[in-house]
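The structure appears right after this line, and notes come after that.
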Amino acid sequence: MRVKNKSIIVTGSGGGIGEGIARRLAAEGAQVIVNDINVALGEKVVAAIVKAGGTASFFAADVTKSAEVKALVEAAVQRYGKLDVMVNNAGWTHRNQPALDVSEDEFDKCYAINVKSIYLATIHAVPVFRAHGGGSFINIASTAGVRPRPGLTWYNGSKGAVITTSKSLAAELGPDNIRVNCINPVFNPDTGLSAEFAGGPVDEDRKARFRASIPLGRFSTALDVANAALYLASDEADFISGVCIEVDGARCV
C-alpha cells in the first residue's frame, strides 16, 4: 500500500485518465475524493472503487470557480481529516484547427480549465498543506507543452503554462515542504477529448499517424499515467519536486 491513508483529491476523475488515477491510488490505500462536474459519472467511479475494497467519495465542483474549489478542498479535510495530495487532472481542448479559427470563448474555456484551475487549487490547497506540514500537487499537463503539434496552438500554450507554473511553484513552495510536479501524457485515443485533439473521428488512419510519432509504437493509457501519479504521490518521491514526467513512449525525445 504505497499511499495508505493519504487523502487525495483527483479533479476531473469521472472518466478517462482521471478515473484511472483515482482507481489506482485507491487500490494502493488512498482515501480519494473523486471530483467531476458530471455527478453520475463521478458517483459511478466511486462505486467501482468501493466495490473493489477502496475508500472514495464524490464531490461535485467546477474547477474554474473559486468558491467551488475552496469547498472541494474543505471537503477532503472534513471527510478524511487532512489533504495530502491534489491531482489537478481536469482539462479541456479546443478542436484541432488553425489558430485563427479558434473562437475567443473556446480560448477562454481552455485557459480557464487548464490554467486557472491550477491557480485556484494553489490558492485554496496551499494554506491547508502549510497547516499540516506539507503536501503535494500533481498537475497533469501534456507533451503538447513540450513538443507542440500544429492545430492545437492555444491548447499547447495552456499546457506550457501549466509546466512553467508548476516549476515556479515547486521553487517557491519548497520551503513549506510542498512538492509540485507534472505528468505529460502523449495522445490517448480512449479519452473523451481524443476526437478534438485529432480534429475528427479517431479512425484507423488518424490513429496510425499519431502512433507513428511515438517511438515505442503505442499510445499512452490511463494506467500508464496513473502509475506515474502513484509514484509522485508516494513517499518514494519525497525528494522529487519541480519535475515533469513524460509518459510518452519517447515522443518528446
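Just so you know, all these numbers are worked out from the coordinates, no wet-lab data involved. As the structure is a computational prediction, the values presented were derived from the model and not from experiment. For neighbour counting, all protein chains shown are included, and Cβ atoms are generated from backbone atoms with ideal geometry for every residue, glycine included.
Per residue of region 55-64, what does 6.51 cos²θ - 1.76 cosθ + 1.60 with θ = phi - 60° give for ³J(HN,Hα)? Whole Hz please, x for Gly and Pro, Karplus curve as stated.
After applying 6.51 cos²θ - 1.76 cosθ + 1.60, I find 10, 7, 8, 9, 9, 7, 7, 8, 6, 9 Hz.
Would you grab the residues whose amide H sits under 5 Å from the one on Val180? Only those 5+ places off in sequence or on another chain, please, with H modelled 1.01 Å from N.
Sorted by chain and number, the residues that satisfy this are Phe137, Gly242.
Applying the Karplus parametrisation 6.51 cos²θ - 1.76 cosθ + 1.60 with θ = phi - 60° to the phi angles of region 179-192, what ³J(HN,Hα) value in whole Hz is obtained for each residue in order, glycine and proline being reported as x?
Residue by residue, region 179-192 yields 9, 9, 9, 10, 10, 10, x, 8, 3, 10, x, 9, 8, x Hz.
What is the Cα centroid distance between region 230-246 and region 4-20, reported in whole angstrom?
So the two Cα centres are separated by 16 Å.
Taking only Cα atoms and a 10 Å spring cutoff, compute GNM fluctuations for the chain and point out the largest among Asn89, Asn139, Asn227.
Of Asn89, Asn139, Asn227, the most mobile in the Gaussian network model is Asn227.
For the chain, set up a Gaussian network in which alpha carbons nearer than 10 Å are linked by springs, and say which option among Val202, Val85, Val162 fluctuates the most.
Val202
Could you work out how far helix 66-80 tilts from the main Cα principal axis of the chain, as a 0 to 90 degree angle to the nearest 10?
The helix 66-80 is inclined about 50 degrees to the chain.
Translational diffusion coefficient of region 115-170 at 10 °C, 1.306 mPa s, Stokes-Einstein with Kirkwood Rh over Cα pairs, in µm²/s as a whole number. Before the final figure, lay out the partial values.
Details: Rh = 12.2 Å.
My calculation gives 130 µm²/s for D.
Can you pull out the trypsin sites (Lys or Arg not before Pro) in region 144-253 whose DSSP state is coil and whose Cβ has at most 14 other Cβ atoms within 10 Å? Display every interim value, and only then the final one.
Numbers: sites: Lys159, Lys167, Arg179, Arg206, Lys207, Arg209, Arg211, Arg218, Arg251; in loops: Arg218, Arg251.
Passing sites in region 144-253 are Arg218.
Taking just the alpha-carbon atoms of the chain, what radius of gyration and Dmax come out, in angstrom?
So, for the chain, Rg and Dmax equal 17.1, 52 Å respectively.
Note the angle between two axes, namely the Cα long axis of helix 153-173 and the longest principal axis of the Cα atoms of the chain, as a number of degrees from 0 to 90, rounded to the nearest 10.
So the helix axis and the longest Cα principal axis differ by about 30 degrees.
Suppose every K and R has +1 on its Cβ and every D and E has -1 on its Cβ; what is the size of the dipole of the chain about the Cα centre, in Debye to the nearest 20?
420
Lone cysteines in the chain, going by a 4.7 Å Cβ-Cβ cut-off?
Flagged as lacking a Cys partner: Cys110, Cys252.
How much of the pair distance distribution for region 1-150 lies past 19 Å, counting alpha-carbon pairs only, in percent? Kindly include the intermediate steps, with their values, before the conclusion.
Working: 5800 of 11175 pairs.
Pairs farther apart than 19 Å: 52 percent.
Can you compute 3J(HN,Hα) from phi for each residue in region 242-253, using the Karplus curve 6.51 cos²θ - 1.76 cosθ + 1.60 with θ = phi - 60°, rounded to whole Hz and x for Gly and Pro?
Values, residue by residue: x, 10, 10, 9, 7, 9, 9, x, 6, 4, 8, 5 Hz.
If you look for lysine pairs in the chain that are eight or more places apart or on different chains, how many of them have Cα atoms under 13 Å apart? Numbers along the way, then the final one.
Values: Lys6/Lys82; Lys65/Lys109; Lys65/Lys116; Lys116/Lys159; Lys159/Lys167.
Lysine pairs meeting the criterion: 5.
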